[in-house]
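Visitor: Below you'll find the structure I mean.
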C-alpha cells in the first residue's frame, strides 16, 4: 500500500469511525434537547452528515487497497497481521451493507434490526482496525 493510500484509509476510518461513535452516543445516551425534539444534541445533524458522506468514501478506499494490500498479501503468503486483516476483510461487507440497508429501510422493525446490526458490526470493525494498526509487523521475505 502506498503512503497516500494509507493516509486516505486512515483519514476515512477516523472520520467514519469517530463520527459514528459520537453520533451513536448522542442518540442512545443523551436526552432530547427539547420535549418533542428528535435531536439529542445540537451537533447531531453534523455528525450524521459527516458519517453518511464519509462512509461511501471509506468503502471506495477499501476497494482501492483490496487488490494490492489485502489480496496481494494473501496471495504472497504474508502471515504478519493476517488474523486481524482477514477479520477486517470479512466484517467490512456486513458493516457497510447494514448501514446501507438502514438508510433504505422504512418499516420500524427493519430499521431497528439494521441499526443494531450496523452499530455492532461497525464498532467491532473500527476496534479491529485499531488493533490491526498496533499489532507488530513481522518482516517477511
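Visitor: Once you put a point 7 Å from the Cα of residue 135 and another 7 Å from the Cα of residue 76, both along the Cβ direction, what distance in nm separates them?
Guide: That separation, rounded to one decimal, is 1.6 nm.
Visitor: Determine, for 81, 75, the number of other Cβ atoms within 10 Å of each Cβ, and report the residues in order from fewest to most.
Guide: Placing the least packed residue first, the sequence is 75, 81.
Visitor: Expressed as an acute angle from 0 to 90° and rounded to the nearest 10, what is the orientation of the C-alpha long axis of helix 3-29 relative to the principal long axis of the chain?
Guide: 30
Visitor: Treat each spin label as a single point 7 Å out from the Cα along the C-beta direction, and report the residue 3 to residue 64 distance in nm.
Guide: Rounded to a tenth, the inter-label distance reads 1.6 nm.
Visitor: While we're looking at this one, here's another question. Where the centroid of each part is defined by its Cα atoms, how far is segment 33-56 from segment 85-141 in Å?
Guide: Between the Cα centre of segment 33-56 and that of segment 85-141, the gap is 20 Å.
Visitor: In addition: Quick one: 74, 9, fewest Cβ neighbours within 10 Å first, how do they rank?
Guide: Ordered by Cβ neighbours within 10 Å, fewest first: 74, 9.
Visitor: For the pair residue 49 and residue 89, how long in nm is the line joining their label points, each one 7 Å along Cα→Cβ?
Guide: Using points 7 Å along Cα→Cβ, the separation is 3.8 nm.
Visitor: Compute the helix-to-body angle for 44-65: its Cα long axis versus the longest principal axis of the chain, expressed 0 to 90° and rounded to tens.
Guide: 20
Visitor: What's the angle, to the nearest 10 degrees (0 to 90), between helix 108-134's Cα axis and the longest principal axis of the chain?
Guide: The answer is roughly 40 degrees.
Visitor: Rounded to the nearest 0.05, what FRET efficiency do residue 112 and residue 34 give with R0 = 30 Å and r taken as the Cβ-Cβ distance? Could you check?
Guide: It comes out at approximately 0.80.
Visitor: Would you work out the relative contact order for the chain, in percent, from Cα pairs under 8 angstrom that are 6 or more residues apart?
Guide: The value is 25 percent.
Visitor: Could you put 52, 4 in order, starting from the residue whose Cβ has the fewest other Cβ atoms within 10 Å?
Guide: By the 10 Å Cβ count, ascending: 4, 52.
No lab work stands behind these numbers, since they all come straight from the coordinates. Everything quoted here is computed from the prediction, not taken from an experiment. When we count neighbours, we look across all protein chains shown, and the Cβ atoms used for this are built from the backbone with ideal geometry, even at glycine.
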